[in-house]
Amino acid sequence: MLRQIALELKNHAPFTILGAISGIFIMVFIILVKMPTEISYFAFYTLHPLHIILSAIVTTAMYRKYGHRQIWKAILVGYTGSIGIATLSDAALPYLGGILLGVKMEFEIPFIETALMPVISIAKWQFVNAAALLGIIIGYLRPATKVPHLGHVLLSTWASMFYFTAFGTPWLMALLPLIFLFLFLSVWVPCCTSDIVFPLLLSGKGTAEIHHEHH
């Protein structure tokens, strides 16, 4: 199992590098045009729920695919694999990265935040948890659904990047190489945990079919 996990981590790295590069290009554009933080804030709270839906679909579908039918367990697996992983990837790790780089950051945990979502008058925790529930329902009812891995990576990378620009203070261009590293790690470790470790554990076998289309 450990050998397969290491192999999948290696195979997923190019997708994650591509995603991190795209994130850096977007970040450079944001810095150069001095884009208002409100736009990044809106973008984060658009991409983060989408990331949660996607993760919930994948993890719940994997649970069903391996023959498990208990609804309460499917909800637990889908919720943990979406809210837990997406919060770590999109918010917690970017916050930690910013702090380590000396960037003053605000820490926000979307699935428990009581403030209203941008534009719509719905509490963040309600909207984010509803996104997880929607993904769980889709994954449970349509376990054959396949999700392009690159799409998952890009959503996660851009959500992490917009967390930097929405909740961090301005920084110098010189920090971009280090931010690239944190973007890579913020996506690579959590997403691979969701996409690789979860299916292996759920299958109860040493091998498992990864539930993504690798393109």
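The values are calculated or read from the model by the stated rules, or taken from the named source; none is laboratory data. Everything numeric here is computed off the predicted structure, so don't read it as measured data. Backbone-built Cβ (ideal geometry, glycine too); neighbour counts: all protein chains shown.
Summary table
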| quantity | calculated |
| --- | --- |
| Residue in segment 134-143 that is assigned to a loop (DSSP other than H, G, I, E, B), over 18 Å from the mean Cα position of the chain (by Cα) and at pLDDT below 95 present | yes |
| In segment 96-133, the residues that are crowded, with 16+ Cβ neighbours inside 10 Å, touching a strand residue (DSSP E or B) at 6+ places or on another chain (Cβ under 8 Å) and in a loop (DSSP other than H, G, I, E, B) | Val103, Glu113, Met117 |
| Meets criteria (surrounded by 14 or more Cβ atoms within 10 Å (Cβ to Cβ) and either at pLDDT below 95 or more than 22 Å from Leu32 (Cα to Cα) (or both)) for Ser82 | yes |
| Search result, residues across segment 156-215 that are of a type in the set (Val, Ile, Thr) and modelled with pLDDT of 60 or more | Thr157, Thr165, Thr169, Ile179, Val187, Val189, Thr193, Ile196, Val197 |
